[in-house]
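Reviewing the structure listed below.
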Amino acid sequence: MYEAFIETLPLLTSLEPSERMQVVDVLSSKVYGHGKQIIAQGDSADCFYIVESGEVRITMTRNKDAESAGVEIALCTRGQYFGELALVANKPRAASAYAVGDVKCLVMDIQAFERLLGPCMNIMKRNIADYEEQLVALFGGTADLADESA
């Protein structure tokens, strides 16, 4: 069902066709209504998300005050992914994600992510450096995204 969509994702182009089919086999679909929180900053990571339709707003609060408003750091649209950072770095979620309008995401659990997306890990690690540059621009510093000792 998702095979044609998965083939269009730049992240997965390094996978062999048989590997992409394995990815398709482990994906599930979830729908979120407008404003619904998909992931929460600080939570433990259990899934990786790919936006199938709609938009997802990624926000981050610099301090641990849950009452403070998050700063938007990204807006993910069809074909983009989120939630990988905590899985790659083996750390709690660095940001929150909210549905903008109705959103449909393809979801992969952590076990399948680690088993199947190993060949894509270098791309994701490279993206961590991009995220850190964004944080420096927004907050004047990073959250030590890739530092597993924190």
- [ ] Give me a count of the residues in segment 33-49 that are touching a Leu at 6+ places or on another chain (Cβ under 8 Å) and over 17 Å from Ala94 (Cα atoms).
- [x] 0
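Scan segment 11-53 for residues that are of a type outside the set (Val, Ile, Thr), over 16 Å from Gly83 (Cα atoms) and in contact (Cβ under 8 Å) with a residue 40 or more places away in the chain and jot them down.
Across segment 11-53, the qualifying residues are Ser14, Leu15, Glu19, Gln22, Gly33, His34, Gly35, Ser53.
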Open item on the list: Suppose we filter segment 107-136 for residues that are modelled with pLDDT of 65 or more, in a helix (DSSP H, G or I), touching a helix residue (DSSP H, G or I) at 6+ places or on another chain (Cβ under 8 Å) and open to solvent by 50 Å² or more (accessible area, probe 1.4 Å); how many remain?
Closed with: 1
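The values are calculated or read from the model by the stated rules, or taken from the named source; none is laboratory data. These figures come from a predicted structure and were not determined experimentally. When we count neighbours, we look across all protein chains shown, and the Cβ atoms used for this are built from the backbone with ideal geometry, even at glycine. Accessible surface areas use protein heavy atoms only, side chains included; no ligands, DNA or RNA. Shrake-Rupley method; radii C 1.70, N 1.55, O 1.52, S 1.80 Å.
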